[in-house]
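Have a look at the structure below, then the notes.
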Amino acid sequence: MPEKTYLQAISDGLRQEMRRDQRVFVLGEDVGVYGGAFKVTLGFQEEFGPWRVIDMPLSETAIVAGATGCALMGLRPVAEMQFADFVSCAWDHLVTVAAKQRYRAGTPIPIVLRLPSGGGFSGGPFHSQNPESTFAHIPGLKIVCPATPEDAKGLLVSAIEDPNPVLFFEHKHLYRRIKGEVPDERYATPLGKARVHRPGDDVTVVTWGAMVYTAQSAAEKLEADGVSVEVLDLRTLIPWDREAVLASARRTSKVLVLHEDTKTGGFGAEIAATIAEEAFEHLDGPVRRIAAPDAPVPFSPPLEKAYIPQVDDVVAGLRALAAY
Amino acid sequence: MAVREAEPVGSLQEVKDAGLDREDLLGIYRNMLITRGVEERGHILYKQGKIPGSFYTGRGNEASAVGVATAMGADDVGCPLQRDMGVHITRGVEPWRIFAQYMGRVDGPTHGRDGNVHLGDANLGLHAMVSHLPAMLPVAVGMGLAFRIREERRVAVAWCGEGASARGDAHEGMNLAGVRRLPVVFVIDNNQWAYSTPTYLEYAVEHLADRAAAYGFDGVVVDGTDVLAVYREARRAIEKAREGGGPTLIESLTLRMEGHAVHDDAFYVPREMFEEWARRDPIERYRTWLRDNASMSDDEEDEITAGVKRLLHESIERAEASPLPDPATLLDGVFAEQDELETPHHK
């Protein structure tokens with residue numbers, strides 16, 4: 001199997017779907033000749049032409065609303081936000097129109113919104129956010145947060161196939177740093193199924209996106225202490241794999257939820273509350289959360305490092321939990 | 001691309017040249033009567049407590065809505081807003097289903113999921129509005145984009161009011177349509193009051209249609225109480241868009257003859273303004289034209305009026321017979337299933 005970066009995997013999955021299904025097309029800012037801010041669609045316009053790789057004006061509302069209109073007419077748009085942060089400009093359209101359209105009007109909206117998210121590169125308060133929990137609260141939207149190249153491709157295929165609006169959070173920090181084996185052939189990774197990134201018996205870390213790797217490094221350090229840590233990669237937040245999380249919680253009896261988004265109202269709170277409701281009697285300690293503090297993402301490297309959960313933070317959290 | 005003020009429509013011959021035969025003309029009259037009738041009856045049902053929520057009417061806008069919808073082709077699509085009941089009627093949404101919608105019954109187009117005039121029927125090319133006006137305007141532009149991508153000879157009509165035209169959604173939609181010369185017709189129903197806000201506090205250009213120049217397409221102002229003039233301008237714009245000529249912005253000037261919704265008595269509108277526009281009532285105006293120019297007889301008129309009355313009566317009865325939704329279905333359809341994408345409008 002060929003090794004690909006996370007970015008190549010997304011690019012390959014998208015190209016494959018566009019070749020397979022004439023209804024699939026992309027739209028966004030600078031996605032054409034330039035290939036998108038991160039070059040996911042580089043070369044696409046040459047292959048598919050300017051009406052399937054559509055350069056849009058700087059108009060997030062028009063991008064999301066336009067994709068919605070195209071979806072209503074039977075197309076399968078994949079829209080790119082240059083940065084996930086900018087989806088705020090199109091919030092109304094996602095939440096007011098796309099999310100509610102099936103429920104109230106009976107018409108499905110099969111759109112995918114690609115959202116380069118996450119920090120770690122001094123992008124500052126407007127280029128580094130992980131706004132997934134904002135949308136997890138809106139019924140009608142699906143939320144995907146792949147961590148590996150293989151998942152990035154397979155989940156993108158599922159997102160494009162899905163008849164609902166899907167927010168596809170691509171972590172920018174993983175784009176070119178993470179490589180992995182990615183099958184060349186087409187495959188779809190189902191939404192709503194977690195993946196055991198690293199099996200373990202004593203403590204469970206539930207996480208997703210770039211934090212999967214932070215959890216993995218922390219788990220490796222705990223191994224020296226004789227603590228076996230399971231890293232469960234949620235892969236999708238809506239729908240999320242409650243059964244896998246609860247099963248792991250019941251088995252290890254201790255759970256740490258880790259995410260890069262801010263803590264208050266973050267998706268980790270939903271997971272912790274669900275474990276408390278459904279598996280309380282199986283727990284040998286409190287469900288702990290490690291997340292970013294409730295602040296905008298800062299620019300300066302030491303501040304950003306203090307903001308994004310680090311391996312040492314997770315190690316400390318796991319040790320405390322293991323000793324509880 | 002200076003804005004053009006449309007001339008009123010004169011003779012029967014002129015109308016025939018614009019593509020309407022006598023039967024069409026009487027059909028337009030009937031649709032306008034049904035439009036007003038649905039809203040008048042709905043208002044009564046609301047006061048009787050049979051319609052929950054609120055109730056919005058478009059009295060004064062019947063000519064504008066029916067005129068534009070009459071000009072649309074069968075495969076064209078649109079996103080009408082809350083004063084555009086005439087669009088639904090003209091496209092064939094049955095009044096009993098509209099009453100069922102108002103009453104929150106299962107046979108309404110949204111099956112009780114949404115209320116009042118937030119309705120559409122994808123099979124009739126109409127897509128339901130949302131309250132955040134004009135959020136559906138850039139969605140309609142997206143429909144035009146889909147037609148352009150697939151090179152289909154179809155046109156999308158995007159409606160909004162003069163108040164809604166102030167929002168960024170209108171700008172982004174119109175700009176995109178202009179840049180890509182998409183087959184979209186924008187209709188601004190300028191009914192002169194955005195809730196209680198008059199036009200001079202809403203925009204600083206002389207005509208809203210002036211804005212079209214900023215997006216690189218044509219604008220036209222039409223008297224929205226003249227159904228045939230509206231029809232003619234809409235048809236021109238739709239056919240131009242169909243032929244690849246790009247968008248047009250039609251500003252249709254009317255007066256909202258009632259409050260923003262039934263709870264609003266419109267005390268802020270000068271009485272003389274209502275009196276002036278009452279003399280230009282679009283239905284009365286068209287009735288006179290039909291009698292003077294198309295020799296509509298007393299018998300014909302009586303037959304149409306009686307037919308509309310009967311239709312409304314039967315429609316209300318049928319709507320009232322429709323059940324209220326089962327609470328057990330509350331969570332159905334939050335997410336679409338895979339096979340729903342094989343519906344006709346999705347192919």
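Table for the structure above
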| read-out | value |
| --- | --- |
| Accessible area in square angstrom per residue, region A:3-181, 1.4 angstrom probe | 28 Å² |
| Region B:206-213 - phi-based ³J(HN,Hα) in whole Hz, Karplus 6.51/-1.76/1.60, Gly and Pro as x | 5, 10, 5, 5, 4, 4, 3, 4 |
| Region A:3-181 - Kirkwood radius from inverse mean 1/r over Cα pairs (Å) | 15.9 Å |
| Counted charge near residue B:121, where neighbours are those whose Cβ lies closer than 10 Å (Asp, Glu -1; Lys, Arg +1) | +1 |
| Restricting region B:124-179 to trypsin sites (Lys or Arg not before Pro) in coil, as DSSP defines it, with at most 15 other Cβ within 10 Å | B:153 |
| At most 14 other Cβ within 10 Å, DSSP loop - chymotrypsin sites (Phe, Trp or Tyr not before Pro), region A:151-242 | A:187 |
| Portion, in percent, of the accessible area of region B:4-322 that falls on carbon or sulfur, probe 1.4 Å | 47 percent |
| Set A:39/A:179; B:50/B:309; A:179/A:263; A:263/A:305; A:172/A:263; A:142/A:193 screened for pairs whose C-alpha atoms are more than 22 Å apart | A:179/A:263 |
| Cα Rg over Rh - chain A, Kirkwood | 0.97 |
| Accessible area per residue in Å² at 1.4 Å probe, computed on chain B | 41 Å² |
| Alpha carbon centroid spacing (whole Å) that separates region A:85-130 from region B:99-177 | 20 Å |
| Cα Rg over Rh - the protein assembly as shown, Kirkwood | 1.05 |
| Rounded FRET efficiency, nearest 0.05, which uses the C-beta distance separating residue B:151 from residue A:250 and R0 of 51 Å | 0.35 |
| Using a Förster distance of 25 Å, the FRET efficiency for residue B:106-residue A:243 (Cβ separation, nearest 0.05) | 0.15 |
| Long-range amide H partners of residue A:76 with built H, under 5 Å | A:24, A:25 |
| Sequence-distant residues sharing a close amide H with residue B:161 (under 5 Å, placed H) | B:189 |
| Portion, in percent, of the accessible area of region A:3-181 that falls on carbon or sulfur, probe 1.4 Å | 53 percent |
| Cleavage-rule hits, GluC sites (Glu not before Pro), region A:163-202, DSSP coil, Cβ neighbours within 10 Å at most 11 | A:185 |
| Heavy-atom accessible area ranking, 1.4 Å probe, most first, across B:155, B:334 | B:334, B:155 |
| Overall Cα dimensions of region A:1-77, principal axis frame, Å, largest first | 39, 25, 20 |
| Contact order relative to length of chain B, as percent, for alpha carbon pairs under 8 angstrom and 6 or more apart | 23 percent |
| Mean separation of Cα contacts under 8 Å, 6 or more apart, over the residue count of chain A: relative contact order % | 17 percent |
| Partners for residue A:4 among aspartates and glutamates (Cα-Cα distance below 18 Å; same-chain residues under 8 apart left out) | A:12, A:17, A:150, A:151, A:170, A:181, A:184, A:185 |
| Fraction of alpha-carbon pairs over 20 Å apart in region B:80-233 - percent | 52 percent |
| Average accessible surface area per residue within region A:195-323, 1.4 Å rolling probe, Å² | 41 Å² |
| Added length on full extension, which subtracts the Cα-Cα distance from 0.36 nm per residue, residue A:186 to residue A:220 | 8.9 nm |
| Residue mean of other protein chain beta carbons inside 10 Å, B:108-117 | 2 |
| Cα point-scatterer Debye curve for region A:101-161, base-10 log of I(q)/I(0) at q = 0.16, 0.20 Å⁻¹ | -0.67, -0.94 |
| Ratio of Rg to Rh over chain B (Cα coordinates, Kirkwood Rh, two decimals) | 0.95 |
| Potential extension, residue B:303-residue B:131 segment - 0.36 nm per residue separation minus Cα distance | 58.2 nm |
| Total accessible surface hidden between A and B, rounded to 100 Å², 1.4 Å probe | 3800 Å² |
| Distance in nm between pseudo-label sites at residue A:303 and residue A:263 (7 Å out along the Cβ direction from Cα) | 2.0 nm |
| Expected 222 nm ellipticity per residue - DSSP helices of 4 or more, -39500 (n - 2.57), all of chain B, to 500 | -13500 deg cm²/dmol |
| Span from the region A:183-237 Cα centroid across to the region B:1-61 one, whole angstrom | 61 Å |
| For residues of A:103-115, the mean tally of beta carbons on other chains within 10 Å | 6 |
| Antiparallel DSSP beta bridges within region B:4-322, percent to nearest 5 | 10 percent |
| Average beta carbon contacts from partner chains per residue of B:179-192, 10 Å cutoff | 1 |
| R0 of 35 Å, Cβ-Cβ distance residue B:288-residue B:239: FRET efficiency to nearest 0.05 | 0.75 |
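The values are calculated or read from the model by the stated rules, or taken from the named source; none is laboratory data. These numbers come from a predicted model, not from an experiment. Ideal geometry is used to build each Cβ from the backbone, glycine not excepted, and the neighbour counts take in all protein chains shown. Heavy atoms of the whole protein, side chains included, go into the accessibility calculation; ligands, DNA and RNA do not. Shrake-Rupley method; radii C 1.70, N 1.55, O 1.52, S 1.80 Å.
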